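Notes follow the structure.
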C-alpha cells in the first residue's frame, strides 16, 4: 500500500477527533430515525443495506455487508418483515434460495426523515470547489474501503 506522507501526531489526533465526533452524531441520527420507524438502529442500518443493493439480496450477503452473524441477520430480517419493510421471495433462478427485497411503498413514507441529512450535505459541499470535492471524494472512498476491510471483512 502506497503512503504519500508521514502523518504528524497532531494531524492524526485532529482527524481521529473528527471521525469520533462524526461517528457519534451519525449513530445518534440513525438511532432517532430508527426510533421514528419503529426499528432498532441495527435493523434500520440493515434495511439501508438492502435498500442500497441492486435488487434483492440473500441473508448471507446482508451478513457480509453488516458484519453480523447469519443468525443475527435472520432475526433482523424477521423483524423487518413483520414491520412491512421487506419481504422474502424465492430466487427466480434457483428456487431453493431465498432473497430479501424492499417493500417500496413502506420505505417511501419514511424518506422525509432523511431530508435534513441531505440538506446538510448540500450545505457543506457548497463550501468546496469541484476540485476540492474530488479530494474529499477520494478521502472518503479510501476511508470507507479501509474501514470496511479492517472492521467488517475481518
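Can we say residue 153 is modelled with pLDDT under 95, surrounded by 13 or more Cβ atoms within 10 Å (Cβ to Cβ) and farther than 20 Å from residue 33 by Cα? Talk me through it step by step, then tell me what you get.
Values: modelled with pLDDT under 95: yes; surrounded by 13 or more Cβ atoms within 10 Å (Cβ to Cβ): no; farther than 20 Å from residue 33 by Cα: yes.
Against the criterion (modelled with pLDDT under 95, surrounded by 13 or more Cβ atoms within 10 Å (Cβ to Cβ) and farther than 20 Å from residue 33 by Cα), residue 153 does not qualify.
Is it the case that region 59-71 has a residue that's outside the structural domain of residue 150 (by TED's automatic domain parsing), surrounded by fewer than 16 Cβ atoms within 10 Å (Cβ to Cβ) and in a loop (DSSP other than H, G, I, E, B)?
yes
More than 17 Å from residue 152 (Cβ to Cβ), loosely packed, with under 12 Cβ neighbours inside 10 Å, touching a strand residue (DSSP E or B) at 6+ places or on another chain (Cβ under 9 Å) and not assigned by TED's automatic domain parsing to the domain that holds residue 144 - does that describe any residue in region 74-83?
no
For residue 94, state whether it is assigned to a helix (DSSP H, G or I) and either closer than 22 Å to residue 56 by Cβ or without any contact (Cβ under 8 Å) to a residue 60 or more places away in the chain (or both).
Values: assigned to a helix (DSSP H, G or I): no; either closer than 22 Å to residue 56 by Cβ or without any contact (Cβ under 8 Å) to a residue 60 or more places away in the chain (or both): yes.
In short, no.
The values are calculated or read from the model by the stated rules, or taken from the named source; none is laboratory data. The structure displayed is predicted, hence computed values, not measured ones. Reconstructed Cβ throughout: ideal geometry from the backbone, glycine too, with neighbour counts over all protein chains shown.
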